[in-house]
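Report on the structure given below.
Values in this text are rule-based calculations from the coordinates and carry no lab data. Note that this is a predicted model, so its numbers are computed, not measured. Please note: Cβ atoms are built from the backbone with ideal geometry, for glycine as well, and neighbour counts cover all protein chains shown.
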2 protein chains.
Amino acid sequence: MAVYTEVPDEALAAFLADYDIGGLLSYKGIAEGVENTNFYLHTTAGSYILTLYEKRVAEGDLPFFLGLMEHLAARGLACPQPIRNRAGTALGRLCGRPAVIVSFLDGVSVRRPGVRHCRALGRALAGLHAAGVDFPMRRPNALSVAAWRPLFAQAEAQADRVAPNLAARTRDDLARLEEAWPRDLPGGVIHADLFTDNVFFIGDAVSGLIDFYFACTDAFAYDLAICLNAWCFELDGSFNRTKGQAMIAAYQAARPLDPREVESLPLLARGAALRFMLTRLVDWLNVPPGALVKPKDPLEYDRKLAFHRRVTGAEEYGWTP
Amino acid sequence: MAVYTEVPDEALAAFLADYDIGGLLSYKGIAEGVENTNFYLHTTAGSYILTLYEKRVAEGDLPFFLGLMEHLAARGLACPQPIRNRAGTALGRLCGRPAVIVSFLDGVSVRRPGVRHCRALGRALAGLHAAGVDFPMRRPNALSVAAWRPLFAQAEAQADRVAPNLAARTRDDLARLEEAWPRDLPGGVIHADLFTDNVFFIGDAVSGLIDFYFACTDAFAYDLAICLNAWCFELDGSFNRTKGQAMIAAYQAARPLDPREVESLPLLARGAALRFMLTRLVDWLNVPPGALVKPKDPLEYDRKLAFHRRVTGAEEYGWTP
């Protein structure tokens, strides 16, 4: 969470002259998002977020992400809406970086979600999946099962320095998941990174979903599995089935899971946990000197994997027929 | 510029319950201020800044700073206005740190001020000095001439590693300034750190002054000398007399300098430059590992000192009778 790029006032003024969003009143670099530089903008027309994309976001993917946010916002989903400039495009350039202005969303991220937050999230996730159904662009999930072995190769030699036998456990997980990974489940646009910091609440209601920079085309139930991992474990490492039940039931109220999705849920949850364990492990072992961002703990997901390996059916996540 | 303290949503909600500023809609950590952690707060009542004081601000000084901001805001100066909680106090505690909510000020800092900005700043500075005249509290300037030799002692042995002969130059400056430093000039509350990032503009007008955490009781003309240093040098190191003239004339339109202030201006400007060179030098030589903030270049002020040493009269700063 950092401001990687300083934007001088003259450069910002020149950039904003291309937009029809009123006169600039204020801008502040904000500590939001690990990958990009974000500014809160206040103009005579309202509040906005200005994002400068740093090198971890592939520029070629931006039309997908921005097109998706436009599509979802047009269908009433509370997500950042890209603002087009006078030339009719949302993607601009500022300080040598791709840059976009989006609408500002009110709301607060909850650090420790309760059952009611999990319920609201399940409903919002189903709403996201429904709103994306007719989005015409596709983006393969670059961090799905095929990516995990190459990711692990970057960390394997040093994995046991992070936790005893982590390498062996991961090799077993990889073998099992590569063999059994479900294909052809119902799918479409998924968020793929819907952690608590990417969901805003006002009171108990979801007021916004943000950070679509891992969004891709993949199985809907995999998105749900990511959320079960991110929202339903307690600090002591235990899975809270009441929270899982609230999330799954709320999701199913809008889009019931089919039998293959239900059957696959344990494997999807295990795969989702492995995906985050692996990216965190690689980041953990490769903190650059002078890094502005503290890496996230891979062992949190190692502990979640231990739970998933023992699960034998979707009801252990709170699924009920 | 960093968020040093993460504030969980539950902790913030409990803190805000003591204030009558409506319901929380949003908060974002912002990259503003080198010393403290700041959040932009949006509530149903408006916009605010929440500041958590990190260890570089002495807690015992906070009543002076907060009292001063209240005093100045009550006299119509555009500065952050501390918001009192239901118990009637502005100073609270959050996440183990002293914490304050102040009103949000619109405006943009100019990185490269033009003559018109220097003129507006001169007027605003005189307005600040006038508004503080009847402020009853006193705070000695902890970074005035008596502090410079002890500061230098922390850096002297390594100073020549930063620039050739910097130690010898600084010893000469110290001797001259300690001998000739003017006493008993007209004085009162000064800002003492009115760099461009602490002044907001909307268009060509000053919309706010912020960051009063070096404010103290000292000579008014010393505050002007700090501003001449911070606003009127060009990137190539030359002093822009046109800018100085605009600033001094605008200041004098509200509060004419008396003959002793005029005579002392070269020494005050040299002292101000030495003060910032020294604090930057000490910071430069003591960057902690993992620092979130890039230290400022002491040599910028070493170059300014070279100019001040050659000055023989206030007219070289743009003063006109």
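The figures follow:
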item	result
Test item: Cα-centred dipole of the range A:9-103, Lys/Arg +1 and Asp/Glu -1 on Cβ, debye	100 debye
Estimated inter-spin distance, A:Arg303 and B:Ala87, nm [label 7 Å along Cα→Cβ]	3.5 nm
Other protein chain Cβ atoms within 10 Å, averaged over every residue that makes up A:108-117	3
Inter-copy separations for A:Asp297, label at 7 Å along Cα-Cβ, nm, ascending	4.2
Cα centroid separation - the range A:261-315 against the range B:251-321, whole Å	54 Å
Label geometry 7 Å along the beta-carbon vector: B:Gly237 inter-copy distances in nm	6.0
Label 7 Å beyond Cα on the Cβ vector: A:Gly60 copy-to-copy distances, nm	6.3
Mean Cβ neighbour count within 10 Å, used as a protection proxy, ranking B:93-100, A:267-274, B:46-53 highest first	A:267-274, B:46-53, B:93-100
Across A:Lys243/A:Lys304; A:Lys294/B:Lys296; A:Lys28/B:Lys304, pairs whose alpha-carbon gap is larger than 27 Å	A:Lys28/B:Lys304
Label zone at B:Tyr4, where the point sits 7 Å out along the Cα-to-Cβ direction: the range B:96-110 residues whose backbone N lies under 19 Å	B:96-102
Normalised contact order of chain A, rounded percent, pairs of Cα under 8 Å and 6 or more residues apart	17 percent
Farthest toward positive dipole pole in the protein assembly as shown [+1 Lys/Arg, -1 Asp/Glu at C-beta], among A:Pro98, B:Ala58, B:Asn165	B:Asn165
Assigned charges on the beta-carbon of Lys, Arg, Asp, Glu; the protein assembly as shown dipole about Cα centre (debye)	200 debye
Helical segments meeting 15 Å axial Cα length and Kyte-Doolittle -0.5 threshold in chain A (DSSP H)	A:62-74, A:115-131, A:220-231, A:241-254, A:259-285
Mean separation of Cα contacts under 8 Å, 6 or more apart, over the residue count of the range A:64-160: relative contact order %	27 percent
Residues B:Glu263 and B:Val133, FRET efficiency given R0 of 30 Å [Cβ-Cβ distance, rounded to 0.05]	0.85
